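Notes for the one structure printed next.
The values are calculated or read from the model by the stated rules, or taken from the named source; none is laboratory data. Model, not experiment: these values are computed from the prediction. Here Cβ is always computed from backbone atoms with ideal geometry, including for glycine, and neighbour counts include all displayed protein chains.
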Amino acid sequence: MAEAFATPALPLPAVLQRLAGPLAARLRSGRELAALQGVAIHDTPRPAPWSTALPGLARLLPGGLPRGELVELTAGRSSGRFACALMLLAAATSAGENAALIDLGDALDPQSAAPAGIDWTRLLWARPRAVREALAATEAALTGGLPLVLLDLGLPPLPGGRGAEAMWLRLARSARQHDALLVVTSPYRVAGPAASTVLELTRGHARWSGAGAAPRLLAGADGRLTLTKAHRLLAPQAQALRLALPA
Amino acid sequence: MSRLACLLVPLFPLAARLRAEPELAGEALAVTAGNGAAALIVAATRSARRLGVTTGMTLTQARALVPKLAARNRDGACERAAQEALAEIAERFSPRIETAGPGLVFLDADGLAGRFHPGSPPTQNSTPEHELGRALLAAARHAGLPARVGIAGSKLAAQVAAQTATGSDAGDDAAPRVVAAGDEARFLAPLPLARLAPELRLGETLTRWGIRSIGDFARLPAAEVVSRLGPAGAELHTVARGVDPRPLLPREPPLDLTEGSELEWPLVTLEPFLFLAHAALDRISRRLEIRGLGCAHLALELTLEPAGHDARAWELPAPTRDTKTLLTLVRLALEARPPGAASAEGAVAIAAFLFTATPDRTRPEQGTLFGPPALSPERLATTLARLFALLGPDRVGSPRPVDGHRPERLALVPFAPPAAPMILKRVPRAATPPPSASGKGLLAVRTLRPPIELEVLVEPRPADREPAPTHIQSLANESNDKRPTIAGAVRIAAGPWQLEEGWWSDRPVAREYWDVELDAAGLFRIYRDVATGRWSADGVYD
C-alpha cells in the first residue's frame, strides 16, 4: 500500500483503485477495520423476540416473533387462526407480560378459552364494533405501553372494510416506537407493506374419532402454517400445524 | 414569632379572566360588572390603563376613549376556579393556608425558608425568605396568575408588603418583599391609617384625635385605647403594632376541583364549546398535577339557553390527568347526545359550563430489575380512558369465566394487571412437546355473538339415533345481514349433546348441540333450541 502513496504521478482515481485491491484482501468488514484501529464496536441491543408456544412457528422463525413490528397472520375459517391467537396470548401472559386483545368479532369465550392457559388478569380485552374503531383501539393499546397487542379482525365480511393503508403504516410505526409486538390476525391480507412478517394458515382436514356405529367426536384439526414474508426470507417455508380439541 | 407569607393577585377579576383566556393578555381589555350602559369597569389591562381607562368608568365612557377596547363581564365560575388555583399553589408550600378574600391567600411560612438557599454572595435581597417568595411567584406564574408576595410576622404587614412589592425580577412579576422579623411595627408606622381599614366611627374618632398614620396610633398606650375605644379599638391597636389578634385560620381543602365559565355569547355548535372545554380541562389537569393526583370522576354541568340544564358524568377506569383523554370523553358523549336533546323547546345553546373533577391517587409504579417492564400506571389509565371513550365501558376490561354453560355469556372486570413478576418466567418453546400432549396447540372456538340463525335440513337415521343435519344455510334476514355467511352440505355431523341451564328460572335454556363439518366452509358448532325448534350457529372451530 505504501507504494501507492509513493507514486505522486498517478491521478487520485488510480490511487484509489490500487488501494482497493489490497484493502479488500485484508478487510472483510468494518468490524475488522475497527479491530485494526483498536476501536470497540458495541452492537445496538436488539430487543429479544417474542417466544411463543405456537407449534411449528419456532422452526419457521427461530426465537419467536420479532418485537417492535407488525406481524400478520391470515387464514380462512377453521384453519386454527383463533387458536394461534390464544396461544400467543397464553405464552405472553403466563410469562408475566401484559397483553391486549382487540377482538373485532367479539369472539372470545373465556370459559372455552380457559384450557389455552391465558392469565386473564394480564389480558386487556377490547370489543370494537367496526374496523375503524378496532384500529383506533389498537393504536391506543400500543400507546399505552402494552408489549403485545393482538388485533383479531374476526370473520368476513369485515365491518368497515380493510382500513386505510396509512393507518396500518401508522400502527406499524407505533409498534416500533413502543417496542411492542402487534399481531394482526385476519381472514385475508389487510396490512399490506406495513407487515414485516406474514404468516398464512391453510385448513387441512378435521380429525374425528369414532366410526361406524360408534358416536363420532371432533378430535382436532390439521393445518399448514406458511411463512410468506420475513426478513431475509428467500422462499416461503411451511410447517404442519396440528391442533387438538381440549379434553 | 411566626412568619406568614401573603400571596396576592392584584386586579383579581382581570387576572382570573386572563387565566381562562390567556390570548387576551396583550390586548386592551376591561372587566366589567353589570349590564348594558350601566356596566362599570372593575379592572383593566395595562394597555387599556395607558390609554386612559380607569376603574369606575362606565363601559360607554371607556369605549369613547378606546373604541377597540375588549370587554368581558365578571365571571363567577372563572374567579372561583382561579381562587382555588391560588390556594392550591399555596398548599404546595405549606399545609396551613388561609383564604382571606378574592386573590388573597396567607400561608404559614414558619420554617419554610430553610428549604430555600440563596445564591452566593448573599445580599439584602437574596435571603432564604426571598427565595421562598420567588418560588411562590414562579408557581403562580406557572398557573397563569400574576401574583405578588410579601413575607412578614403579621397578616397586615405581609399583605402591605405584597401590595407595595416593586422592582421587577422577570417580566411583570414584582420581586417578593420581606419584612424582617420584629420589624413589622416600624414597617407599618409610616403608612396612612386607612390601611388598617377601621370602622367608620372609629376612623372618625382617631382623625379627631389627630392621628394620621399607623405609627401614631401604635404609639398610644394600649390600656388607654381599650378604655376609650373598646374591644374593636383594642384589636385595631394590636394590628397597628404588627401583631395578629387572631391566628391563621387554615382552610379545609375542597374534595373536588371545578373549572368553568359563563359564556359571553351562548354557543350553539359543539366545536367552539370543545375549544373552551379543552382549556378548562387543561387547567384542571395542571391543578391535579400540583396535588399529585389524577381525575377519577368527571362531571359536566351545562347551563342552557333559553332555559334548562344538562348534566353529564364520567367514571374514569383509573385516575388520569390526560387532557386529551378527558376531552375525548366529553366530545363523544356530547356528540352521541347533544345538549338539550331531550328538550321540548327545540334548539338550545350553551350559556355556561362547569367541570367538576373528583381527584384520586394515581396508581403507584414499581419497576423490576429482571422481570418484564411494568406498565406505567399513568399511561395505562390514559389508555383505558381512551378505550372507554372510544368503545364504551361495557366493551373494555379484563375477561373472566362465568359459571354456566351458554357460550355467549361473558364477564368483564376492570383491567388492573398485577405487578410484574420479579423474574421473567420461561416461556415454553414451540418446538417442544406436541400440542395435544402439552395441553397447548388446542383448537379454539370462535364464538358468534349473537348466534347466527340457520335453516337446517335433517336426515332421519336409524331408530336408535337422532336425525342429523345434512345441509345448513344461514337465514337471509335482517339480523344476519353483515354477518358471516354459513352455507353448505354437511360432511360429518356429531351430536347431539344436551345443554340445559336455568330450568328453575323463568328463562330456561335447553339446546341440542351438534359439531358439523361443511364440505368447504369449515367446522361449526350449531344447536337447536328445544323450546322453539330453531337452529342457530354459535361458534366456529378455528
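Just to verify a result, which residue in segment A:116-138, among those that are crowded, with 22+ Cβ neighbours inside 10 Å and in contact with a Ser or Thr (Cβ under 7 Å, 6 or more places away or on another chain), is farthest from A:S94 (Cα to Cα)? Among those that are crowded, with 22+ Cβ neighbours inside 10 Å and in contact with a Ser or Thr (Cβ under 7 Å, 6 or more places away or on another chain), it is A:W125. Scanning segment A:183-211 for residues being away from chain B (no Cβ under 12 Å) and either closer than 20 Å to A:F82 by Cβ or surrounded by fewer than 21 Cβ atoms within 10 Å (Cβ to Cβ) (or both) gives a total of 16.
Are any of the residues in segment B:163-178 part of a helix (DSSP H, G or I) and either of a type in the set (A, V, I, L, M, F, W, C) or loosely packed, with under 13 Cβ neighbours inside 10 Å (or both)? Checked segment B:163-178: no residue is part of a helix (DSSP H, G or I) and either of a type in the set (A, V, I, L, M, F, W, C) or loosely packed, with under 13 Cβ neighbours inside 10 Å (or both).
When A:P157, A:P187 are checked against the criterion of being at pLDDT 90 or above, touching a Pro at 6+ places or on another chain (Cβ under 8 Å) and not hydrophobic (A, V, I, L, M, F, W, C), A:P187 stands alone in meeting it.
Only residues that are surrounded by fewer than 18 Cβ atoms within 10 Å (Cβ to Cβ) and closer than 16 Å to B:P339 by Cα were counted across segment B:277-304, and they come to 2.
Inspection of segment B:323-341 finds no residue satisfying the criterion of being touching a Gly at 6+ places or on another chain (Cβ under 7 Å), buried (at least 16 other Cβ atoms within 10 Å of the Cβ) and at pLDDT 80 or above.
Scanning segment A:142-153 turns up no residue that is farther than 24 Å from B:L384 by Cβ and either over 20 Å from the mean Cα position of the chain (by Cα) or away from chain B (no Cβ under 12 Å) (or both). If only residues of segment A:91-115 that are among the small types (G, A, S) and modelled with pLDDT of 90 or more are counted, the one that is surrounded by the fewest Cβ atoms within 10 Å (Cβ to Cβ) is A:A107. The number of residues in segment A:185-228 that are without any contact (Cβ under 8 Å) to a residue 40 or more places away in the chain and under 12 Å from the mean Cα position of the chain (by Cα) comes to 1. Going by what's in this entry, would A:R77 be described as surrounded by fewer than 24 Cβ atoms within 10 Å (Cβ to Cβ) and more than 7 Å from every other protein chain (Cβ to nearest Cβ)? So A:R77 does not fit the description; no. Of all residues in segment B:489-534, those satisfying the criterion of being buried (at least 16 other Cβ atoms within 10 Å of the Cβ) and among the hydroxyl-bearing types (S, T, Y) are B:Y513, B:Y527. Quick one: B:Q83 ticks every box in (1) over 17 Å from B:A161 (Cβ atoms); (2) surrounded by 15 or more Cβ atoms within 10 Å (Cβ to Cβ); (3) at pLDDT below 90 bar one, so which box is it? Against the list (1) over 17 Å from B:A161 (Cβ atoms); (2) surrounded by 15 or more Cβ atoms within 10 Å (Cβ to Cβ); (3) at pLDDT below 90, B:Q83 comes up short only on (3).
Answer yes or no: is there a residue in segment A:128-141 that is closer than 13 Å to B:P417 by Cβ and more than 7 Å from chain B (Cβ to nearest Cβ). No, because not a single residue in segment A:128-141 is closer than 13 Å to B:P417 by Cβ and more than 7 Å from chain B (Cβ to nearest Cβ). Of the candidates B:A158, B:A139, the single residue that is surrounded by 20 or more Cβ atoms within 10 Å (Cβ to Cβ), modelled with pLDDT of 85 or more, in contact with a Phe, Trp or Tyr (Cβ under 9 Å, 6 or more places away or on another chain) and under 25 Å from B:A81 (Cα atoms) is B:A158.
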